[in-house]
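Below is one structure; the comments refer to it alone.
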Amino acid sequence: MVLHYPEVRYPNWELLCKAAQARGIRLTTWEPHRLQVHCTDGRVSGCYDGEPVRPEIILHRTVATFQGIVIPVLQLWASEGATVLNEPDAAYRSRDKLLTYLALHRARVPIVHTIAFVEPSEAAMRSLTDHRGAILKPAHGVRGEGIRTFRSTVELLATWADNPEQRTPVPFAREHYVAQPVVGGGGRDVRAFVVAGACVALMQRHAVAGEVRANLTLGATPTQLPIDHPAASTAVAALDACGLDYGGVDLIEDDDGTVRVLEVDAWAGFAGISAVTGEDVAGAILHLAMTRRGRGAAV
Ligand SMILES: Nc1ncnc2c1ncn2[C@@H]1O[C@H](COP(=O)(O)OP(=O)(O)O)[C@@H](O)[C@H]1O
Ligand SMILES: [Mg+2]
């Protein structure tokens with residue numbers, strides 16, 4: 001079973017379907033908002049459209065806004081023996097850039113110097129080296145959205161109050177932010193896709209002129225990198241540190257040539273990197289699902 005909305009970033013679903021067809025696997029789509037948890041004294045069940053159910057194998061993507069139901073339901077099904085790729089708590093934690101950096105730090109995976117805060121202050125920013133500028137990112141941002149760059153942390157602090165959306169509470173909590181030095185001047189990074197402890201696809205991305213963010217959705221130009229590039233092993237270590245079975249990793253090389261992790265994403269799209277590298281990322285994910293549970297089960 002794939003818990004997702006097929007029409008959201010559709011090419012990824014298309015690739016999963018193609019890979020499934022090639023392997024004789026039947027994929028079923030369930031939509032996240034149709035899940036429920038039924039709780040009674042005697043029993044707690046995960047339900048779909050009101051029916052108590054328990055799929056055999058579960059992949060999830062495009063579920064980011066359904067955390068309150070998705071995590072308990074998937075954990076419940078896992079406790080009843082279902083195979084859930086990408087433990088849901090770990091997947092949601094990796095959506096938070098600060099929690100990702102903390103997990104990476106614990107595992108000694110290189111990260112970029114980061115100050116995390118709800119409100120920035122001069123005192124807090126003092127230690128950030130900003131001679132090539134500073135970058136500010138919402139902790140839960142995706143695809144480069146909400147990211148701003150500044151000539152210095154002084155400019156970051158001076159313009160902070162001009163953006164009231166930075167104070168808008170997301171449900172239950174105000175968003176926190178991460179500030180970092182702009183590494184290597186920006187405009188270039190590496191994207192890896194890791195499945196089951198192996199880097200299966202690796203590419204470099206060059207941003208459009210004048211742009212720091214090298215996200216493909218912002219027009220960056222990708223080129224394939226050899227799979228033995230040092231970024232591959234860092235990406236594998238990052239996925240392991242975050243406790244994930246598969247996902248995308250954004251990395252950046254600093255001036256000393258050290259590859260550092262910018263982001264880990266359990267729900268990263270793989271259509272772009274599959275097209276650039278020719279690698280069958282969807283097939284690798286399905287292969288992992290089937291080896292976890294044995295062939296023949298419906299995913
Ligand atoms: N500290 C940094 N130095 C240089 N470039 C950066 C830095 N942080 C992010 N970027 C650029 O911005 C892009 C988006 O940042 P990222 O942390 O991956 O957030 P998002 O979740 O929005 O993709 C990266 O892919 C990279 O090209
Ligand atoms: Mg990114």
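The values are calculated or read from the model by the stated rules, or taken from the named source; none is laboratory data. Everything numeric here is computed off the predicted structure, so don't read it as measured data. When we count neighbours, we look across all protein chains shown, and the Cβ atoms used for this are built from the backbone with ideal geometry, even at glycine. Note: areas computed on protein heavy atoms with side chains; ligands, DNA, RNA excluded. Shrake-Rupley method; radii C 1.70, N 1.55, O 1.52, S 1.80 Å.
A few comments on the model shown:
- Residues (exposed (fewer than 13 other Cβ atoms within 10 Å of the Cβ) and hydrophobic (A, V, I, L, M, F, W, C)) located in segment 30-43: Cys39
- Ile285 vs. criteria away from ligand 2 (no atom under 16 Å from the Cβ) and either acidic (Asp, Glu) or in a loop (DSSP other than H, G, I, E, B) (or both): no
- With respect to the conditions (1) at pLDDT 95 or above; (2) within 14 Å of ligand 1 (Cβ to nearest atom); (3) assigned to a helix (DSSP H, G or I), Ala192 lacks only one, and its number is (3).
- Hits in segment 206-243 (condition: in a loop (DSSP other than H, G, I, E, B), over 24 Å from Ala134 (Cβ atoms) and in contact with a strand residue (DSSP E or B) (Cβ under 7 Å, 6 or more places away or on another chain)): Leu225, Ile227, His229, Cys242
- Selection status of Thr234, of a type in the set (Val, Ile, Thr), closer than 29 Å to His60 by Cβ, touching a residue at least 24 places away in the same chain (Cβ under 8 Å) and surrounded by 19 or more Cβ atoms within 10 Å (Cβ to Cβ): yes
- Breaking point among (1) over 30 Å from Ala289 (Cβ atoms); (2) at pLDDT 95 or above; (3) out of contact with any Gly (no Cβ under 6 Å at 6 or more places or on another chain), for Gly146: (2)
- Here Ser94 passes the criteria (1) polar (S, T, N, Q); (2) over 23 Å from Val195 (Cβ atoms); (3) in contact with a Leu (Cβ under 9 Å, 6 or more places away or on another chain) except the one numbered (2).
- Scanning segment 219-238 for residues that are within 15 Å of ligand 1 (Cβ to nearest atom) and not hydroxyl-bearing (Ser, Thr, Tyr) yields a total of 7.
- In the set (1) at pLDDT below 95; (2) open to solvent by 10 Å² or more (accessible area, probe 1.4 Å), Leu156 fails one condition alone, (2).
- Evaluation of Val249 against the conditions (1) open to solvent by 40 Å² or more (accessible area, probe 1.4 Å); (2) within 14 Å of ligand 2 (Cβ to nearest atom); (3) β-branched (Val, Ile, Thr); (4) farther than 18 Å from Trp13 by Cβ shows that the sole unmet condition is (1).
- Residue check for Ala268: assigned to a helix (DSSP H, G or I) and either open to solvent by 10 Å² or more (accessible area, probe 1.4 Å) or of a type in the set (A, V, I, L, M, F, W, C) (or both): no
- Filter result (within 11 Å of ligand 1 (Cβ to nearest atom) and either assigned to a loop (DSSP other than H, G, I, E, B) or among the basic types (Lys, Arg) (or both)) within segment 107-128: Val112, His113, Thr114, Leu128
- Candidates Val200, Val194, filtered to the one that is open to solvent by less than 30 Å² (accessible area, probe 1.4 Å) and touching a Phe, Trp or Tyr at 6+ places or on another chain (Cβ under 9 Å): Val194
- Positions within segment 54-79 being more than 25 Å from Ala268 (Cβ to Cβ) and surrounded by 15 or more Cβ atoms within 10 Å (Cβ to Cβ), in sequence order: Arg54, Leu76
- Considering segment 50-77, the residues that are of a type in the set (Gly, Ala, Ser) and farther than 16 Å from Val2 by Cβ include one that is farthest from the chain's Cα centre (by Cα), namely Gly50.
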